[in-house]
1. Could you list which residues have their amide H under 5 Å from that of V119, counting only those 5 or more apart in sequence or on another chain, with H placed in the peptide plane?
2. How would you rank 60-68, 101-109, highest first, on the average number of other Cβ atoms within 10 Å across their residues?
3. Assign one of three labels to region 25-69, namely rounded, prolate or oblate, based on the Cα gyration tensor with a ≥ b ≥ c the square roots of its eigenvalues; rounded applies when a/c is under 1.5, prolate when it is not and a/b is larger than b/c, and oblate otherwise.
Amino acid sequence: MAVRRVESVQVERAADELLVVKTDSLEVHALNQSAAAFYELCDGRSSKSEMATEVRRRTGLPADEEIVDLALGELVEAGLVAIDDPEPRSSITRRALIRRLGLSSMAAMMLPVVETILVPPVTAAAPVRAPVPAPTAAPTPTPTPTPTPLLPAPTPTFN
């Protein structure tokens, strides 16, 4: 099985992730540390067992070929790698893999993850200009009430 990275991508490292930009589409893929390690090992020469061993060295994950299958499945689905002679894909889920290997929550977080982000086209990314409201006339001042003179109170008359 030969797994190769696709061409027409730009790769940039950001903190502990790898950002892979597909230049022919509007997609950016964020690969966590272990997915990035698998991606870098997709050179067309590395076997599954070699990948598992190297990822164990880099991340501490168990050297298990089903972890390799999980990573390659995500990378193929994202369109970042191509497999020359694909074997039947493993149908193991992330949850089943965590249970089978008895991974702690910290180790489970290290399983390979490929997140896809859609980037808006440049024309859509242009700043939106809000319509400028028409100027309003100066407010009319409220008239000041004129004071009414107080009349003296009528005096009561007694008969």
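Just so it is clear, none of the values below were taken in a lab; they were calculated from the coordinates. Just so you know, these numbers come straight off a predicted model, no measurement behind them. Ideal geometry is used to build each Cβ from the backbone, glycine not excepted, and the neighbour counts take in all protein chains shown.
1. For V119, the qualifying residues are E27, V28.
2. 60-68, 101-109
3. prolate
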